[in-house]
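Participant: One structure follows; several queries about it will come next.
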Amino acid sequence: MPQKPRHRKKQGLNKGYAAAAVVIVAVIIAAGWYVFSPSISNPASTSTTSNSTSTSPMYAKIETSMGTIEVELFPASAPRTVANFVSLAESGFYDNLVWHRIVDSPQPFVIQTGDPNTRTGDRSTWGTGGSGTTIPLETNSSLHNDLGYLGMARGAAANSGSSQFYINLANNPSLDGHYTVFGRVISGMDVVNAIASVPVYTSQTDYRYDQPITPVYMINVTIVSSP
């Protein structure tokens, strides 16, 4: 079972993969704000399927130090999550952040960014930060954590999403229903794959586990009305 996006918690950086469901859960628990949360609680009672307040097409251009990733957003399916993402992008919150979690081995999983703590040199805090605002889980049965789709990372609580998000490097059905899917890559998967291929720290006893040895940056995010 693939590990899950997590929101790394300040002290429990349990970065373990769930090769076995248990291992993945342990690792997820360690990364509080990772694509997999530190521990996946059943969100059935808190997940919501919201109706969009806007059906206008929305897109985002994610400039990285390795190229541009173009994304289609899903405001009709995940209105609060998209509104939060757009607000953070337009405020400059996402400027110059590191893709702090890269999981491409032993099998492709996700790349993750959105933590303001990555602007500091203290790698022990990477994966633990957010915007100070949380948003509810928004699930939609028509959207899945498939290759190239974006999801909102969160902590153990279902409604703890904030600013960290991930891009799936493979189809990750085990994440469905646990994380809000709010967009998909429409151009730039070569950039996503290039980020996924950078060398990372691989020792599970090292707090830098899954972090890129040489940082790769998300330079900024621009919201546009057409691709």
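The values are calculated or read from the model by the stated rules, or taken from the named source; none is laboratory data. Keep in mind that what you see is a predicted model, and the values were worked out from it rather than measured. Backbone-built Cβ (ideal geometry, glycine too); neighbour counts: all protein chains shown.
Participant: Quick one: is residue 48 closer than 18 Å to residue 155 by Cβ, in contact with a helix residue (DSSP H, G or I) (Cβ under 9 Å, 6 or more places away or on another chain) and either modelled with pLDDT of 95 or more or surrounded by fewer than 19 Cβ atoms within 10 Å (Cβ to Cβ) (or both)?
Facilitator: Against the criterion (closer than 18 Å to residue 155 by Cβ, in contact with a helix residue (DSSP H, G or I) (Cβ under 9 Å, 6 or more places away or on another chain) and either modelled with pLDDT of 95 or more or surrounded by fewer than 19 Cβ atoms within 10 Å (Cβ to Cβ) (or both)), residue 48 qualifies.
Participant: In addition: Return the total of residues in the range 191-216 being surrounded by fewer than 18 Cβ atoms within 10 Å (Cβ to Cβ) and either within 18 Å of residue 122 (Cβ to Cβ) or in contact with a strand residue (DSSP E or B) (Cβ under 8 Å, 6 or more places away or on another chain) (or both).
Facilitator: To start, the set of residues in the range 191-216 that are surrounded by fewer than 18 Cβ atoms within 10 Å (Cβ to Cβ) comprises 193-194, 197-199, 201-208, 213-215.
Next, only the ones that are either within 18 Å of residue 122 (Cβ to Cβ) or in contact with a strand residue (DSSP E or B) (Cβ under 8 Å, 6 or more places away or on another chain) (or both) stay: 194, 198-199, 201-203, 206-208, 213-215.
Number of matching residues: 12.
Participant: Can I ask one more? Taking residue 93 as meeting all but one of (1) crowded, with 22+ Cβ neighbours inside 10 Å; (2) aromatic (Phe, Trp, Tyr); (3) out of contact with any Gly (no Cβ under 8 Å at 6 or more places or on another chain), write down the number of the exception.
Facilitator: Going through the list (1) crowded, with 22+ Cβ neighbours inside 10 Å; (2) aromatic (Phe, Trp, Tyr); (3) out of contact with any Gly (no Cβ under 8 Å at 6 or more places or on another chain), residue 93 breaks only (1).
Participant: Only one residue in 172, 159 is touching a residue at least 24 places away in the same chain (Cβ under 8 Å), surrounded by fewer than 22 Cβ atoms within 10 Å (Cβ to Cβ) and in contact with a strand residue (DSSP E or B) (Cβ under 8 Å, 6 or more places away or on another chain). Which one?
Facilitator: Among 172, 159, only 159 is touching a residue at least 24 places away in the same chain (Cβ under 8 Å), surrounded by fewer than 22 Cβ atoms within 10 Å (Cβ to Cβ) and in contact with a strand residue (DSSP E or B) (Cβ under 8 Å, 6 or more places away or on another chain).
Participant: If residue 163 passes every condition in (1) small (Gly, Ala, Ser); (2) within 15 Å of residue 62 (Cα to Cα); (3) not in a loop (DSSP other than H, G, I, E, B) but one, which one does it miss?
Facilitator: Failing condition for residue 163: (3).
Participant: Working only within the range 106-135, note down all residues that are touching a strand residue (DSSP E or B) at 6+ places or on another chain (Cβ under 8 Å) and surrounded by fewer than 18 Cβ atoms within 10 Å (Cβ to Cβ).
Facilitator: Residues of the range 106-135 touching a strand residue (DSSP E or B) at 6+ places or on another chain (Cβ under 8 Å): 109-116, 118-119, 126-130, 134-135.
Those that are touching a strand residue (DSSP E or B) at 6+ places or on another chain (Cβ under 8 Å) and surrounded by fewer than 18 Cβ atoms within 10 Å (Cβ to Cβ): 119, 134.
Participant: Continuing with this model, one more query. Do you know which residues across the range 166-180 are farther than 21 Å from residue 93 by Cβ and either hydroxyl-bearing (Ser, Thr, Tyr) or not in a helix (DSSP H, G or I) (or both)? Walk me through how you get there before you give the answer.
Facilitator: First pass over the range 166-180, keeping only residues farther than 21 Å from residue 93 by Cβ: 168-178.
Correct list: 168, 169, 170, 171, 172, 174, 176, 177, 178.
Participant: Take residue 86 and decide whether it is of a type in the set (Val, Ile, Thr), more than 19 Å from residue 195 (Cβ to Cβ) and in contact (Cβ under 8 Å) with a residue 40 or more places away in the chain. Before you say what the answer is, go through the steps one by one.
Facilitator: Values: of a type in the set (Val, Ile, Thr): yes; more than 19 Å from residue 195 (Cβ to Cβ): yes; in contact (Cβ under 8 Å) with a residue 40 or more places away in the chain: yes.
So residue 86 fits the description; yes.
Participant: Can I ask one more? Output yes when any residue across the range 53-63 is free of Cβ contacts under 8 Å to residues at least 24 places away in the same chain, surrounded by fewer than 19 Cβ atoms within 10 Å (Cβ to Cβ) and more than 18 Å from residue 224 (Cα to Cα), and no when none is. Outline the logic, then answer.
Facilitator: Here is the first cut: in the range 53-63, the ones free of Cβ contacts under 8 Å to residues at least 24 places away in the same chain are 55.
Narrowing further to those that are surrounded by fewer than 19 Cβ atoms within 10 Å (Cβ to Cβ): 55.
Filter again for more than 18 Å from residue 224 (Cα to Cα), leaving none.
Looking through the range 53-63, none of the residues is free of Cβ contacts under 8 Å to residues at least 24 places away in the same chain, surrounded by fewer than 19 Cβ atoms within 10 Å (Cβ to Cβ) and more than 18 Å from residue 224 (Cα to Cα).
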